[in-house]
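Input: a single structure, listed below in structure tokens.
The values are calculated or read from the model by the stated rules, or taken from the named source; none is laboratory data. None of the values given here were measured: they were computed from a predicted structure. Here the Cβ positions follow ideal geometry from the backbone for every residue, glycine too, while neighbour counts run over all protein chains shown. In case anyone asks, the SASA skips ligands and DNA or RNA and just uses the protein heavy atoms, side chains included. Shrake-Rupley method; radii C 1.70, N 1.55, O 1.52, S 1.80 Å.
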Protein chains: 2
Amino acid sequence: MTPATMKWWGWGAEDVSFSHEGKPELAPFIERVLGLDVRRPGSGAVTFDDLEVPTPELPMGLSADLDAAVGPEQVSTDDRDRVAHGRGKSLTDLIRQRRGDLGRLPDVVVRPGTEDEVAAVLTAALEEDAVLIPFGGGSSISGSLEAEAGEPRPVISMDMVRLNRVLEIDPASQLACVQAGVFGPDLERQLGSQGWTCGHFPDSFTHSTLGGWIATRSSGMQSDRYGDIAEITRGLRVVTPSGVLVVRPVPSTSTGPSVREMVLGSEGRLGVITEATIQVRRVPPERKILGYLFPTWAAGMAVMRDIAASEASPSVTRVSDAPETAFSFAMRDDPNLLDRAKSKGLQAFLRRKGWDLEAMCLSLIGYEGSADHVAGQRKLSQRIVKRHGGLCIGSSPGRLYDQKKFDTPYIRDFLLDRGAPADVSETSAPWSELPTVYDNVMAAGHGAFHRLGVPGYLMCHLSHSYHSGACLYFTFALNPPDERDALEDYGVVKRAIQQAFVDSGATLSHHHAVGTEHAQWLEEDISSPGVAMLRALFDGTDPGANLNPGKIVAADSLAGARERIPGASR
Amino acid sequence: MTPATMKWWGWGAEDVSFSHEGKPELAPFIERVLGLDVRRPGSGAVTFDDLEVPTPELPMGLSADLDAAVGPEQVSTDDRDRVAHGRGKSLTDLIRQRRGDLGRLPDVVVRPGTEDEVAAVLTAALEEDAVLIPFGGGSSISGSLEAEAGEPRPVISMDMVRLNRVLEIDPASQLACVQAGVFGPDLERQLGSQGWTCGHFPDSFTHSTLGGWIATRSSGMQSDRYGDIAEITRGLRVVTPSGVLVVRPVPSTSTGPSVREMVLGSEGRLGVITEATIQVRRVPPERKILGYLFPTWAAGMAVMRDIAASEASPSVTRVSDAPETAFSFAMRDDPNLLDRAKSKGLQAFLRRKGWDLEAMCLSLIGYEGSADHVAGQRKLSQRIVKRHGGLCIGSSPGRLYDQKKFDTPYIRDFLLDRGAPADVSETSAPWSELPTVYDNVMAAGHGAFHRLGVPGYLMCHLSHSYHSGACLYFTFALNPPDERDALEDYGVVKRAIQQAFVDSGATLSHHHAVGTEHAQWLEEDISSPGVAMLRALFDGTDPGANLNPGKIVAADSLAGARERIPGASR
């Protein structure tokens, strides 16, 4: 998968799309909750030929420097290349691309093949006062990839696709040294051929790179076992304005504020990640994801909390609220799957137990390792499930999840074709706060639908369990009437949800980064001195603001903060 | 335990000291390896009355501001107070204190009782251009607490002792909100009264504080289970020049470079930590530390490596090399303890198995949790022990370790009384590199002894196992003749060991921080761009260099680094 085959207007590969066909319950479900008939054919983006692609402005000196840095064949001013590299895949990005509103396109796309070439491009960018934006898979949904509107300097998009090799595996240390531009499937293929796995499987897996995961502090579906990318990443090589930063792949260190943790989540503002030494594990002999049903969302959350406090350590912990459970059932494409859950016999049984089937929540708990370990973990976990009135419904839901887990992002394009924006917002909070965060977000989202007067749907799952809390992952869709601006209505809902996160003590994002789309909540999240520290780091490392400026901390967001004196009011 | 009762010239409490008495094998052992007869009475430090304590220079304005900030009764210019707060407890510190070489003493010691008072002191320090040095237990062994020689500005030592309360426990989230000045035993007492533990037990436990652990990235003896302090610490409140930094206690977040991880290890350079929200766990029903013997150091390291790669997760993993094993046996104070290991029957048995008893290594592996969990972990671990020819010798060594674990630092004073400097240096590296790191350090240390022509002893244990590597903890002692400068000879050995760390790809310290004593290796460890990033953070956050200046990054260590252009040579 190289960016050349990626849709410039939507998610993923040109030849892949989502359809309601073969999912007999989906169209009726969407019609019911959004008042949208998805059986009507949709309308896609404007065609590429209708786009007005501005001419690149690439000064002769810079052009020559880039040719010298990576070779002329790796310097592209091609319109398609520039459009595909102009931004990421946030809902806002998709809507604007479809409308032909391309934003401040890069003037040039370069594809370095070595770290020396990366360094040469960075040197050229600094010397010619250009803007440099590293580009992995382009799957950012937080606005981390677009140049600032009206950027007067030349803009270089640096596509890392050629740096795609696993360089070395250290079996004794369970570490692999890997180039940062490798895509998820290619990484797993290279590792897997030697019996190893990195175990990092974000939704974006097929269209995102190791460097992108690191630059945005990504999490994957099995992070409960393998760790978030922040834990997986031990060593780093990063080309910075002061030279190549080398973080040694030591397991833990006491060398002052962690430079490793400064690179994690840095979104290109400190330099270009070229290589990482990552934790790997042997491909487990057994892997099992089982489905469970809980009578209520509260019970589901309590199970995940109690598992986190127990001696059980499953590889996947996930529970959907009732609206997401209903959506999951509506997504069935094989009517045999989930039959146990939907069968009349089971329904009758659950009703006899006093369950409200509308409140029922679907959960997935995964186990992996040796057969003994899987059996032991399952036993420990199911003891907790049972204590909260839950019920195992076997492996069908897990198999379905495994088959479909990377397809979800395509649904956004399917719905956008029909005028309905759909998106995600996710956060994390301590266990004790999760019910309140959930209630507040639900109230905020439905309040926004109500204020707008548009049909909307909002659903959630809990995933990524930690000792002290978990991630809540919200998905929402709305169906504004044709005469309204879908982007504006979407923004009202998105902002209401994000605001509810930070107002409830939760964080602006658990694993989707800040970019530009979450930047307005940064100060409320990490407090103004926290923003001042990030600004100090960025300004001091990149005094000319050549490295992906405007991301994470906006240029003017903290004017005057330095003048403040300490105040300790809480 | 408050600093008022702490020795100004040595480790810990005035009324506690180490003695060889009751340890019949220790004196002969020390005589054999160091040529030192510890049965001769030693000579202590100069008496306090003989010290020449310089008069504090405290400008009227600052004095008035501090009185207003914390109340006059919490502002001390008392000589004993100032001497006790002048530096930490590194070997260099101890030797200089004993000689009456006090360094640049603080002019005043303040003891704020609230975060507002901390903020008022910081404001006063900035307004009057004073230097502010936060002080927890004063147990730093890396030179994190001493003002720079010749510092012309007034120096304030801020003792955090009054901020010592557990404010709140959130049982559902397994989090406790705790003031930063609490000492280890007091923290565990307050948590334990409600059935909780933090599980953080560094060697310095009795004489160090939560804030100090955070500011130096501390690790504890049971960190394999509870995590290093970097993992335990979720939320933070830090008084900074831009106001109170509030890091929300979320389990994971994607808000750019981690501000939380910038405070961890910051040694007072970014502000004063007043409060932290830390992970706690229920006191486990069962806790067991078992002793094992391995035929060789290589086998012991291999066992720890294989446990890390296995499904076992013990709470303590520790193995001593042969020299440390010999020292441990010599430290027995109850001749019944370890009898199995030393009994003639066992010795004969091991010889029949082909063991070289001089190469034998003592190990401790700990298990805690439910009885089932302990039994299961033990079974998994012992399978690996057996595969490498190891042997369980029961619970006596573990009990001994548990009783004595916080006494070790007192030995330094005992030896210094007799003219022999002894100290520790520790590091971490990937599993595959540990044997090389060990060999290089042994060669460097013994090379230094040889060059100096002094008797010396160097021993090591592996502890703190991670997925990809572990900590190697070296202890060394030397016995320079009376006419030599013990501090200089010590420095030759210490520097040789530290240099071997960074030359071997290991880190300058796994959990003792940088301070001033490790600062010279920082650039070799985290590379020059890493130092530039730290400098950017410190300079931007504290432009007047009022906050514990000179620690971690020396003021002039990177002159001109900004001018460098990227170069990618490896």
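Within segment A:297-326, residues that are farther than 19 Å from B:GLY369 by Cβ reach partners that are part of a helix (DSSP H, G or I) and among the basic types (Lys, Arg) with beta carbons closer than 7 Å, at six or more positions or on different chains, in the pairs A:SER315/A:ARG225. Scanning segment B:76-128 for residues that are open to solvent by less than 10 Å² (accessible area, probe 1.4 Å), within 14 Å of chain A (Cβ to nearest Cβ), within 17 Å of B:PRO549 (Cα to Cα) and assigned to a loop (DSSP other than H, G, I, E, B) yields no hits at all. Taking segment B:508-519 as the range and being touching a helix residue (DSSP H, G or I) at 6+ places or on another chain (Cβ under 9 Å), within 7 Å of chain A (Cβ to nearest Cβ) and open to solvent by less than 10 Å² (accessible area, probe 1.4 Å) as the test, the residues that pass are B:LEU508, B:SER509, B:ALA513, B:VAL514.
Those strands (runs of 3 or more DSSP E) of segment A:225-281 in which 3 or more residues are more than 7 Å from chain B (Cβ to nearest Cβ) and either surrounded by 24 or more Cβ atoms within 10 Å (Cβ to Cβ) or without any contact (Cβ under 8 Å) to a residue 60 or more places away in the chain (or both) occupy A:233-240, A:272-279. Residue count for segment B:530-542 satisfying the condition of being touching a residue at least 24 places away in the same chain (Cβ under 8 Å) and not hydroxyl-bearing (Ser, Thr, Tyr): 6. Do we have any residue at all in segment B:285-293 that's in a strand (DSSP E or B), small (Gly, Ala, Ser) and either in contact (Cβ under 8 Å) with a residue 24 or more places away in the chain or away from every other protein chain (no Cβ under 11 Å) (or both)? Yes, the conditions are met somewhere in segment B:285-293. Is it true that some residue in segment B:216-224 is of a type outside the set (Val, Ile, Thr), modelled with pLDDT under 95 and open to solvent by 20 Å² or more (accessible area, probe 1.4 Å)? Looking through segment B:216-224, at least one residue is of a type outside the set (Val, Ile, Thr), modelled with pLDDT under 95 and open to solvent by 20 Å² or more (accessible area, probe 1.4 Å).
Give just the number: which of (1) buried (at least 22 other Cβ atoms within 10 Å of the Cβ); (2) away from every other protein chain (no Cβ under 11 Å); (3) more than 24 Å from B:LEU94 (Cα to Cα) does B:LYS494 not satisfy? Unmet condition: (3).
Within the set A:GLY143, A:GLY199, A:GLY137, the sole residue that is under 30 Å from A:ASP15 (Cα atoms) and out of contact with any Gly (no Cβ under 6 Å at 6 or more places or on another chain) turns out to be A:GLY199.
In segment B:191-205, the residues that are part of a helix (DSSP H, G or I) reach residues that are surrounded by fewer than 23 Cβ atoms within 10 Å (Cβ to Cβ) with C-beta atoms within less than 6 angstrom, at least six apart or across chains, in these pairs: B:LEU191/B:THR197; B:PHE205/B:PHE406. Scanning segment A:160-169 turns up at least one residue that is touching a helix residue (DSSP H, G or I) at 6+ places or on another chain (Cβ under 8 Å), at pLDDT 95 or above, open to solvent by 10 Å² or more (accessible area, probe 1.4 Å) and within 13 Å of chain B (Cβ to nearest Cβ). When the residues of segment B:103-134 are filtered to those that are charged (D, E, K, R) and touching a residue at least 24 places away in the same chain (Cβ under 8 Å), which remaining residue is farthest from B:TRP8 (Cα to Cα)? The selected residue is B:GLU127.
Please verify whether segment A:303-311 includes one or more residues that are assigned to a loop (DSSP other than H, G, I, E, B), within 10 Å of chain B (Cβ to nearest Cβ), small (Gly, Ala, Ser) and surrounded by 24 or more Cβ atoms within 10 Å (Cβ to Cβ). There is no residue in segment A:303-311 that is assigned to a loop (DSSP other than H, G, I, E, B), within 10 Å of chain B (Cβ to nearest Cβ), small (Gly, Ala, Ser) and surrounded by 24 or more Cβ atoms within 10 Å (Cβ to Cβ). Looking only at residues in segment B:486-522 that are small (Gly, Ala, Ser) and assigned to a loop (DSSP other than H, G, I, E, B), which one is nearest to B:GLY143 (Cα to Cα)? So, considering only residues that are small (Gly, Ala, Ser) and assigned to a loop (DSSP other than H, G, I, E, B), the one nearest to B:GLY143 (Cα to Cα) is B:GLY515. If we scan segment B:39-52, do we find a residue that is at pLDDT 95 or above, open to solvent by 50 Å² or more (accessible area, probe 1.4 Å) and either under 30 Å from B:PHE329 (Cα atoms) or of a type in the set (Val, Ile, Thr) (or both)? Scanning segment B:39-52, I find no residue that is at pLDDT 95 or above, open to solvent by 50 Å² or more (accessible area, probe 1.4 Å) and either under 30 Å from B:PHE329 (Cα atoms) or of a type in the set (Val, Ile, Thr) (or both), so the answer is no.
Looking only at residues in segment B:520-545 that are buried (at least 22 other Cβ atoms within 10 Å of the Cβ) and among the aliphatic types (A, V, I, L, M), the one that is farthest from the other protein chains (Cβ to nearest Cβ) is B:VAL531.
Does B:GLY184 satisfy the criteria of being open to solvent by 10 Å² or more (accessible area, probe 1.4 Å), within 24 Å of the chain's Cα centre (by Cα) and within 30 Å of B:LEU522 (Cβ to Cβ)? So B:GLY184 fails the test. Residues that are more than 28 Å from the chain's Cα centre (by Cα) and not in a loop (DSSP other than H, G, I, E, B) within segment B:32-47 comprise just one, B:ARG32.
Does B:GLY505 fit the bill of being surrounded by fewer than 24 Cβ atoms within 10 Å (Cβ to Cβ), at the interface with chain A (Cβ under 7 Å from one of its Cβ atoms), within 30 Å of B:ASP203 (Cβ to Cβ) and modelled with pLDDT of 95 or more?
yes
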